[in-house]
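What follows is one structure encoded as structure tokens, with my remarks underneath.
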Amino acid sequence: MAPIQDTIINKKTTNTPIWLMRQAGRYLPEFREIRKLNPNFVNLCLNEDLSSEITLQPLKRFELDAAIIFSDILMLPYGLNQKIEFKKDFGPQLGPLNLNEILKIDEIDFFQKLYPIYKSIEKVSRNNLIKNKNLIGFVGAPWTLLVYMINKCSPKKKLIKDFFKDKFLINRILIIVEKFLKLHINHQIKNGATVIQIFDSWAGLLEEKDLPNYVYIPTLNLVNYVKSLNTPVICFPREIKNYKNYCDIVKPDAISIDYSVDPISISREINIPIQGGLDPKVLLSSAENLKKETLKYLEIFKDHPYIFNLGHGVLPETNPNMVDYLVKMVKDY
């Protein structure tokens, strides 16, 4: 069994495995070379040869325990015919949300639009570099996708003023998104993904009273679905205030924590496997500081099933040598 599955399923506490969110991407010079020739990000995600090559780039450099497929959570709205483009220094920009258009999409249309992603996963799964390692597939959580689809861009710190105005639209979209997320997850697993991570990047925007409707129930449905496919599922409800509550209700196989939480209280309160926590900005500091912060997490979770990761994605200005230093340190611990 590959190391990440082993930690999650067998609650293993020896040999902490490591992978990093956004490990395949902007901080690697070899990725920037490809990106320069392929300015359209959506097309790049849908290029099975290039996306599989990008997925494997970090495994050629570092002794990581998993590859995460090079894709984006917003490929789901793309599959539902909502226009999407990634603008330099701005981020994603989505087109108008037209419920009638979305309702016309059937499972075959959706599958055909995202087919190259599944081919890319299959290609990676057959590569020798992935032997004895995990291949992580992923989706955005229903709430986070809803935020992008209605907000039409990254909310940064707050939602548009009338976000909750059209309750009918919100509820319809959540039902549709859940249906197609299950399809998207299923095809990733069928083509070789051995672990699924659910990214709820904007869970922290909600007040406690709104969590059951928008986060707990829709995510629980997905978690149960992934479990029914005998695949471990990791949830990352970024900046949520109460991780324990979330774990008690949603019951993922493992929980990924962000860097705003206290790892000591997490280690005491939560008994499922933990992933992540290190602030990605620590990789921009000195080697001494990186060592100190890394050892802090390794020590806190030394008797707890733990997967080393960051509390968010690798930053574009990160020096690959620092990533190498981090990976070796975790491996030597």
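Across the chain, the mean sequence separation of Cα contacts (distance under 8 Å, 6 or more residues apart), normalised by length, yields a relative contact order of 22 percent.
Extension gain for the segment T14 to E269, taken as residue separation times 0.36 nm less the Cα-Cα distance, is 89.7 nm to one decimal.
Please report the net charge: other residues with Cβ closer than 12 Å to the Cβ of I300, K and R +1, D and E -1. Kindly include the intermediate steps, with their values, before the conclusion.
Values: positive: R268, K296, K302; negative: D262, E293, E299, D303.
The answer is -1.
Summarising the label geometry, the points placed 7 Å from Cα in the beta-carbon direction at M1 and E299 lie 3.0 nm from one another. Residues in the stretch 72-81 carry Karplus couplings, in order, of 8, 4, 7, 5, 5, x, 4, x, 9, 6 Hz; the curve used is 6.51 cos²θ - 1.76 cosθ + 1.60 with θ = phi - 60°, and Gly or Pro positions show x.
Would you mind computing Rg(Cα) / (2.2 N^0.38 Å) for the stretch 3-332, counting N as its residues? Provide the component values of the computation, followed by the final result.
Values: Rg = 18.8 Å, N = 330, 2.2 N^0.38 = 19.9 Å.
Dividing the Cα radius of gyration by 2.2 N^0.38 Å gives 0.94.
On full extension of the chain, what length is gained from S125 through K179, given 0.36 nm per residue of separation minus the C-alpha to C-alpha distance? Don't skip to the answer; put the middle values down first.
Values: separation 54, 0.36 × 54 = 19.44 nm, distance 2.55 nm.
16.9 nm is the gain from fully extending S125 to K179.
In this simple spin-label approximation, K328 and Y115 carry label points 7 Å from Cα along the Cα→Cβ vector, and these lie 4.6 nm apart. Among 256-264, 138-146, 241-249, 70-78, sorting by the average number of other beta carbon atoms lying within 10 angstrom of each residue, highest first, gives 138-146, 70-78, 256-264, 241-249.
Classified by the C-alpha gyration tensor, the stretch 208-286 has a prolate form. Its axis ratio a/c, with a ≥ b ≥ c, is 1.5 or above, and a/b is larger than b/c. Count Lys and Arg as plus one, Asp and Glu as minus one, and take only other residues whose Cβ is under 13 Å from that of F236; the net charge is then -2.
In this simple spin-label model, placing a label point 7 Å from the Cα along the Cα-to-Cβ direction at both E85 and N321 gives a separation of 3.9 nm.
If you take the beta carbon distance between N40 and S286 as r and set R0 to 45 Å, what does 1/(1 + (r/R0)^6) give as a FRET efficiency, to the nearest 0.05? Before the final figure, lay out the partial values.
Working: r = 37 Å, r/R0 = 0.83.
So, using R0 = 45 Å, E works out to roughly 0.75.
The trypsin sites (Lys or Arg not before Pro) of the stretch 269-311 that meet both conditions, a loop assignment by DSSP and at most 15 other Cβ atoms within 10 Å of the site Cβ, are K302. As an exercise, use a Förster radius of 30 Å and the Cβ-Cβ distance of N132 and L99 to find the FRET efficiency, rounded to the nearest 0.05. The formula returns an efficiency of 0.05 here. Residues whose amide H comes within less than 5 Å of that of Q275, counting only those at least five positions distant or on another chain, are I255, S256, I257, I307 (H built at 1.01 Å from N in the peptide plane).
Throughout, read-outs are computed from the coordinates displayed, never taken from laboratory work. These numbers come from a predicted model, not from an experiment. Note that each Cβ is placed from the backbone with ideal geometry, even for glycine, and that neighbours are counted across all protein chains shown.
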